[in-house]
Amino acid sequence: MSLIPSFFGGRRTNVFDPFSLDVWDPFEGFLTPSGLANAPTKDVAAFTSAKVDWRETPEAHVFKADLPGLKKEEVKVEVEDGNILQISGQRSSENEEKSDTWHRVERSSGKFMRRFRLPENAKMEEVKASMENGVLSVTVPKVPEKKPEVKSVDISG
């Protein structure tokens with residue numbers, strides 16, 4: 001029971017719990033099956049924007065992707081056309097039980113893919129990847145820069 005009455009659809013808010021502050025959403029239930037606001041959808045939203053950091057060190061290009069809850073078997077790292085690094089995968093949605101009542105579905109599921117065009121100095125044949133605690137690390141070594149050869153010339157005379 002709430003201390004403050006709700007003016008939007010009879011929903012209640014507990015003023016003592018900051019996580020229960022439900023803001024009225026005029027589009028709630030608009031795109032869910034049967035118009036039920038508490039029913040999860042298959043593939044709620046593809047998380048196409050998996051967060052990826054790309055940094056360049058003197059020795060390599062290093063990518064770190066946040067993929068919480070995914071196993072390494074659910075992620076693919078591929079090299080396309082010689083200089084395109086592609087990271088892709090799929091997060092499955094949870095099984096829904098007929099007796100379950102869903103109050104909120106915010107975690108996304110579905111396929112994701114990120115592609116990066118690497119510069120000419122990348123050694124694409126030596127790409128290494130590892131996954132630890134939901135963070136994918138991809139290391140692409142660089143071709144060492146050729147230093148110009150300097151030859152000393154004797155001065156006659």
Inset, instruction - Please go through the residue pairs 72/123; 111/142; 64/142 and name each one whose alpha carbons sit more than 27 Å apart in this structure. - result: 111/142
Inset, instruction - Report the net charge of residues surrounding residue 57, where surrounding means a beta-carbon distance below 15 angstrom and charges are Lys +1, Arg +1, Asp -1, Glu -1. - result: 0
Legend entry - Surface share of carbon and sulfur [accessible, 1.4 angstrom probe, percent] for region 95-157: 46 percent
Legend entry - Sites residue 151 and residue 83 - FRET efficiency at Förster radius 25 Å, r taken between beta-carbons, to 0.05: 0.15
Inset, instruction - With only Lys, Arg, Asp and Glu charged, each at its Cβ (+1 for the first two, -1 for the last two), find how big the charge dipole of region 60-126 is about the Cα centre; round to the nearest 20 debye. - result: 180 debye
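The values are calculated or read from the model by the stated rules, or taken from the named source; none is laboratory data. Given the structure is predicted, the values throughout are model-derived calculations rather than measurements. We place every Cβ from the backbone using ideal geometry, glycine too, and count neighbours over all the protein chains shown. Accessible surface is based on the protein model in full, side chains and every heavy atom, while ligands, DNA and RNA are left aside. Shrake-Rupley method; radii C 1.70, N 1.55, O 1.52, S 1.80 Å.
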